[in-house]
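The block underneath contains the structure these notes are about, expressed in structure tokens.
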Amino acid sequence: MSAIVGPNGAGKSTLLKAALGIIPRLSGEVHVFGETIRNARARIAYVPQSASVDWDFPTTVLDVVQMGLYRKVGLLGRLSGQARVQAHECLERVGLEDFANRQIGQLSGGQQQRVFLARALAQDADLFLLDEPFAGVDAATERAIIGVLKLLKDDGKTVVAVHHNLATVRDYFDHVFLINVRRIAEGPVETTFTTDNLHAAYGGRLAATHLTELAVIDGAR
Amino acid sequence: MNLFVDALFLQAGYNAALVAIGAGLLGFAAGASGTFPFLRKRALIADAVAHATLPGVGLAFVVMVGFGGDGRNLVGLIAGSAVTAWIGLLLIEWISRRTRLAEDAAIGAVLGVFFGVGIVLLTVIQTMSAGRQAGLESFLLGSTAGMLFQDATVIAIGGSLAVLLTWLMRRPMTLVAFDSDYAAALGYDVRRIDLLMMGLVMAVAVIGLKLVGLILIVAMLIIPAVAARFWTDRSTSMIWIAGGIGGASGYLGAVLSASAPAMPTGPIIVLVAAAIFMFSLLLAPDRGVLAALFRHRGFQTRVHRRQGLLALAARHPIREAYTLRLLAREGLVRPDGVPTDAGRAQAAKVTRDERRWDVAREIYQDAGLTGRYDGLTPIEDVFTADEIAEFDRQLGPPVTVRGD
């Protein structure tokens, strides 16, 4: 599990979107599992920020989860009963099985984030890219989401998340990628998530209290 | 009135029947293929595309006359209008993607410029002596006079193709309209799907030009979709409901205009669609205005009842007149505000349920169940009897509410 960490405007979301080809990239090649992004697409699941869509859209929770199956089913294929079962299983994994037939606007912010996660699970991918999965969600949802992600990790999947809560980086992630427009540092959390590197990434923008807090964690180690 | 009934059952003459069937088919195609542009919030692009057909009509006329043909050949005019509409569409797309102008500015610019060029062209054509130009201006507001079987065939074939493509592409288009970033991440070509979506709109617009006119065709594309949204929460059902509403407005509008002399067909069709929209807005279950009013009223009543009962239990005086009336009507308080026996029992129950919820929240910290606590949902709807018994065991003996 890797975190992409950096201040606002550092380009965390942009990095994910450019890697996925959602926005055009200026230069560089993207390789996933040793293949070009074109060939590896089926193995990648993307979880966008839940604030990025119109939640009044006429679709149900189950429909959204089944969107994760569209590529597999193809343009003309039918969404079989098996697909439905699969979608229900994914909803169960995020704890939303009772909400399958709701219109998506009737969910709370945290539940909406879980729906997006369930949709990514339905893709049955090997690499999960999440854009601020914990933004604006309640504590229970954060625990539920991190639980699902840790299970994915145990299954041998790769999870990369844009993350902005510095206090939880150590608890959630093994690997960290510090970025502020350019790459600052990258590596295992223990050796990379240090006060020095954070200073380099955040500069004066990191509140002093935050630094001391993190330094305390540093010292405790 | 007789004329209306005759027209309704296609007995009011060959031309009226042809127009009614043609308008019905066009309405269905427009409603169905307008669904996704509406969901993608691109309704105004449809309007710009419709206006961008006008220079094409003029140019096609000039070209056909120039080659010595009939300047009013429908297929030729449709082809011409499709070409300029497509150019207009690409221009909007290009301006909003490549410049700093927002999409609405691009729409306004393209709509105005293309329409202006079209009007100038038509004016020039009016002064030409060749080619029987009379009738070209009917492309602005539509005309049913002299509708030919060929026209109806064009609508039927083009319309069916548009509906079929909308149905085939419903998943990618839903995906793009709902969450275009995710669609791109899955590997869909969002730009191409957007162009297809608007291309369908353009196709319906050009085949409907002669009947409804380019100024009002956008209403046939968008109003049915807006109305359909009130009746369903599924985008795929919306395609068919919007198609049905569009078809009904087209048919009814044509019939209405045939039953009165000199009534313009296009505007009447749009007014019928607007009437269906108003009906949906007011009366649709769930999303309609009336349903919302009833829901709000019911919610208010429950809040007042519960707050009143909690006040009784805490032995606070109730000052809100509506609350008192509500409780008095149920026989829970006397008119002077003193609780009756029934009122005391109810108050004790409400207070106890409150405490049961407290316990429930402690036990089920993470579950979606306690998320359903809004102070109004009866606890019996959320938890089973044995679960509630467990809460009671932890709560201890029930409290009583005295009333003196």
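The values are calculated or read from the model by the stated rules, or taken from the named source; none is laboratory data. All of these numbers come straight from a predicted model, not from anything done at the bench. Because the Cβ atoms are built from the backbone with ideal geometry, glycine has one as well, and the counts that use them run over all protein chains shown. What goes into the accessible areas is simple: the full protein's heavy atoms, side chains included, and nothing from ligands, DNA or RNA. Shrake-Rupley method; radii C 1.70, N 1.55, O 1.52, S 1.80 Å.
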| Any idea how many residues of segment B:57-76 are more than 31 Å from the chain's Cα centre (by Cα) and assigned to a helix (DSSP H, G or I)? | 12
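Is it fair to say B:M147 is surrounded by fewer than 17 Cβ atoms within 10 Å (Cβ to Cβ), touching a residue at least 12 places away in the same chain (Cβ under 8 Å), more than 11 Å from chain A (Cβ to nearest Cβ) and out of contact with any Asp or Glu (no Cβ under 6 Å at 6 or more places or on another chain)? First the steps, then the outcome.
Values: surrounded by fewer than 17 Cβ atoms within 10 Å (Cβ to Cβ): no; touching a residue at least 12 places away in the same chain (Cβ under 8 Å): yes; more than 11 Å from chain A (Cβ to nearest Cβ): yes; out of contact with any Asp or Glu (no Cβ under 6 Å at 6 or more places or on another chain): yes.
So B:M147 does not fit the description; no.
Residues in segment A:137-148: is at least one in contact with a Ser or Thr (Cβ under 8 Å, 6 or more places away or on another chain), touching a residue at least 60 places away in the same chain (Cβ under 8 Å) and open to solvent by 30 Å² or more (accessible area, probe 1.4 Å)? Break it down stepwise before answering.
Narrowing segment A:137-148 to residues in contact with a Ser or Thr (Cβ under 8 Å, 6 or more places away or on another chain): A:138.
Now narrow it down to the ones that are touching a residue at least 60 places away in the same chain (Cβ under 8 Å): none.
No, there is no match, as no residue in segment A:137-148 is in contact with a Ser or Thr (Cβ under 8 Å, 6 or more places away or on another chain), touching a residue at least 60 places away in the same chain (Cβ under 8 Å) and open to solvent by 30 Å² or more (accessible area, probe 1.4 Å).
Quick one: how many residues across segment A:36-53 are within 19 Å of the chain's Cα centre (by Cα), farther than 14 Å from A:I22 by Cα and more than 7 Å from chain B (Cβ to nearest Cβ)? Can you show your working first?
Initially, segment A:36-53 is screened for residues within 19 Å of the chain's Cα centre (by Cα), giving A:37, A:40-53.
Cutting the leftovers down to farther than 14 Å from A:I22 by Cα gives us A:40, A:42-43, A:50-51, A:53.
Now drop any that are not more than 7 Å from chain B (Cβ to nearest Cβ), which leaves A:40, A:42-43, A:50-51.
Within segment A:36-53, residues that are within 19 Å of the chain's Cα centre (by Cα), farther than 14 Å from A:I22 by Cα and more than 7 Å from chain B (Cβ to nearest Cβ) number 5.
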| query | Quick one: B:I87 ticks every box in (1) assigned to a loop (DSSP other than H, G, I, E, B); (2) open to solvent by 30 Å² or more (accessible area, probe 1.4 Å) bar one, so which box is it? | reply | (1)
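Here are some residues: B:L164, B:L168, B:L195. Which one is surrounded by fewer than 21 Cβ atoms within 10 Å (Cβ to Cβ), at the interface with chain A (Cβ under 8 Å from one of its Cβ atoms) and under 30 Å from B:G22 (Cα atoms)?
Details: B:L164 fails: at the interface with chain A (Cβ under 8 Å from one of its Cβ atoms); B:L195 fails: at the interface with chain A (Cβ under 8 Å from one of its Cβ atoms).
Criteria check complete, one pass: B:L168.
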| request: Check B:V206, B:V176 and return the single one that is more than 14 Å from chain A (Cβ to nearest Cβ) and modelled with pLDDT of 90 or more. | output: B:V206
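One residue is enough: does segment B:273-286 have a residue meeting the conditions under 16 Å from B:A16 (Cα atoms) and in a helix (DSSP H, G or I)? Write out each step before concluding.
Kept after step one, since they are under 16 Å from B:A16 (Cα atoms), are these residues of segment B:273-286: none.
No, because not a single residue in segment B:273-286 is under 16 Å from B:A16 (Cα atoms) and in a helix (DSSP H, G or I).
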| said: Just to be sure before I move on: is B:F36 open to solvent by less than 10 Å² (accessible area, probe 1.4 Å), over 25 Å from B:G253 (Cα atoms) and touching a residue at least 40 places away in the same chain (Cβ under 8 Å) in the structure I sent? | reply: no
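Under the condition of being charged (D, E, K, R) and either part of a loop (DSSP other than H, G, I, E, B) or more than 18 Å from the chain's Cα centre (by Cα) (or both), which residue from segment A:16-30 is farthest from A:R182 (Cα to Cα)? Spell out the reasoning first.
We begin by selecting, within segment A:16-30, every residue charged (D, E, K, R); these are A:17, A:25, A:29.
Still in the running and either part of a loop (DSSP other than H, G, I, E, B) or more than 18 Å from the chain's Cα centre (by Cα) (or both): A:25, A:29.
Working: A:R25: 15, A:E29: 16 Å.
Applying the filter and picking the extreme gives A:E29.
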| field | Residue check, A:G68 under 23 Å from B:L39 (Cα atoms), within 11 Å of chain B (Cβ to nearest Cβ) and crowded, with 19+ Cβ neighbours inside 10 Å | value | yes
| request: Among what's in segment A:92-112 and is closer than 19 Å to A:A139 by Cα and hydrophobic (A, V, I, L, M, F, W, C), pick the residue that is nearest to the other protein chains (Cβ to nearest Cβ). | output: A:L96
| message | Give all pairs with beta carbons closer than 7 Å in which a residue from segment B:157-173 that is touching a residue at least 12 places away in the same chain (Cβ under 8 Å) and of a type in the set (D, E, K, R) meets a residue that is in a helix (DSSP H, G or I) and open to solvent by 20 Å² or more (accessible area, probe 1.4 Å); count only pairs at least 6 apart in sequence or on separate chains. | response | B:R170/B:T236
| said: Can you go through B:V218, B:V226 and tell me which one is modelled with pLDDT under 95, part of a helix (DSSP H, G or I) and open to solvent by 10 Å² or more (accessible area, probe 1.4 Å)? | reply: B:V218
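The rows are residues; the columns are (1) loosely packed, with under 15 Cβ neighbours inside 10 Å; (2) under 30 Å from B:T232 (Cα atoms); (3) in the same structural domain as B:P378 (by TED's automatic domain parsing).
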{"site": "B:G298", "(1), (2), (3)": "yes, yes, yes"}
{"site": "B:V303", "(1), (2), (3)": "yes, yes, yes"}
{"site": "B:L312", "(1), (2), (3)": "no, no, yes"}
{"site": "B:R315", "(1), (2), (3)": "yes, no, yes"}
{"site": "B:L327", "(1), (2), (3)": "no, no, yes"}
{"site": "B:P339", "(1), (2), (3)": "no, no, yes"}
| task | Kindly indicate whether B:E93 is open to solvent by 50 Å² or more (accessible area, probe 1.4 Å) and either among the charged types (D, E, K, R) or closer than 20 Å to B:Q150 by Cβ (or both). | result | no
| request: List the helices (runs of 4 or more DSSP H) that sit entirely inside segment A:114-201 and contain at least 2 residues that are within 22 Å of B:D179 (Cβ to Cβ), in contact with a strand residue (DSSP E or B) (Cβ under 8 Å, 6 or more places away or on another chain) and at pLDDT 90 or above. | output: A:139-154
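Could you tell me whether segment B:20-30 includes any residue that is open to solvent by less than 50 Å² (accessible area, probe 1.4 Å) and touching a Pro at 6+ places or on another chain (Cβ under 8 Å)? Don't jump to the end; show me each part of the working.
Kept after step one, since they are open to solvent by less than 50 Å² (accessible area, probe 1.4 Å), are these residues of segment B:20-30: B:20, B:22-24, B:26-27, B:29-30.
Among the residues that remain, those that are also touching a Pro at 6+ places or on another chain (Cβ under 8 Å) are: B:27, B:30.
Checked against the condition, which is being open to solvent by less than 50 Å² (accessible area, probe 1.4 Å) and touching a Pro at 6+ places or on another chain (Cβ under 8 Å), segment B:20-30 yields at least one hit.
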| Which pairs have Cβ atoms under 7 Å, sit 6 or more apart or on different chains, and link a residue in segment A:12-27 that is more than 11 Å from chain B (Cβ to nearest Cβ) to one that is part of a helix (DSSP H, G or I)? | A:R25/A:A18
| message | List the residue pairs whose Cβ atoms are under 6 Å apart, where the first residue sits in segment B:205-226 and is on the phi > 0 side of the Ramachandran plot, the second is open to solvent by less than 10 Å² (accessible area, probe 1.4 Å), and the two are 6 or more positions apart or on different chains. | response | B:G213/B:G266
| Selection count, segment A:98-120, where residues are open to solvent by 10 Å² or more (accessible area, probe 1.4 Å) and under 22 Å from B:A185 (Cβ atoms) | 5
